[in-house]
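Below is one structure, written out as structure tokens, with a few remarks after it.
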Amino acid sequence: MTETAMRALAARLFDAIEAGDIDTMRACFAPDAEIWHNSDERIVTVEQTSVTLAGMVARIKDRRYADRQLAFFPGGFVQQHVLTGRRTHDDGAVRLPCAVICRVENDRIVRLDEYFDSAHVAEFRKFAAASPA
């Protein structure tokens, strides 16, 4: 996969999440892709990630993956960004810096490793169970 095609895949993935388009996000992954989180050291499926992101979309408005920095390696890419938005239940600001490493095969992500700072995740999770407005 060319660097141009990987750049388009990364944009498609994060633009879809910004837009709340979980189906397009899901289509960026191979069906048996693995998603690993440093915050809990678990590997989850695309379907589990879809459920989690649907919940986030319901609770965070004005989502934006800001300050996207993209680098490439043979067979994949690394992206650093800051997820920003506003909580729907109280309009509070959300800010969650992140880095992801994606391995790509046949034009789809087969593995995504997600790295968050634990302090930012703890703040984010304080409001995770809040009911959407």
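Any read-out appearing in this document is the output of simple, stated calculations on the displayed coordinates, not a laboratory observation. Note that the structure is predicted; figures quoted are calculated from it, not measured. Every residue, glycine among them, receives a Cβ derived from its backbone with ideal geometry; neighbour counts consider all protein chains shown.
Assorted remarks:
- Coordinate range along principal axes, alpha carbons of region 3-125, Å, largest first: 42, 27, 25
- Using the empirical formula 2.2 N^0.38 Å as the baseline, the Cα radius of gyration of region 28-93 reaches a ratio of 1.31.
- Computed from the Cα positions only, the extents of region 1-41 along the three principal axes stand at 32, 24, 19 Å, in decreasing order.
- Percent of Cα-Cα distances greater than 15 Å, calculated over region 60-114: 55 percent
- For the chain, calculated [θ]222 nm from helices alone, where every DSSP H run of n ≥ 4 adds -39500 (n - 2.57): -10500 deg cm²/dmol
- Cut-off 9 Å between beta-carbons: net charge of the residues surrounding C102, Lys and Arg +1, Asp and Glu -1: +1
- Phi-based couplings in Hz for region 95-112 (Karplus 6.51, -1.76, 1.60; Gly and Pro marked x): 8, 9, x, 7, 9, 10, 10, 10, 9, 10, 9, 6, 6, 9, 6, 9, 8, 10
- Net charge over other residues, Cβ less than 9 angstrom from the Cβ of T45 (K, R count +1; D, E count -1): -3
- Taking Cβ atoms as reference points and 9 Å as the exclusive limit, the residues near M1 contribute a net charge of -3, counting Lys and Arg as +1 and Asp and Glu as -1.
- Computed over the chain: relative contact order in percent, which uses C-alpha pairs under 8 Å that are six or more apart: 25 percent
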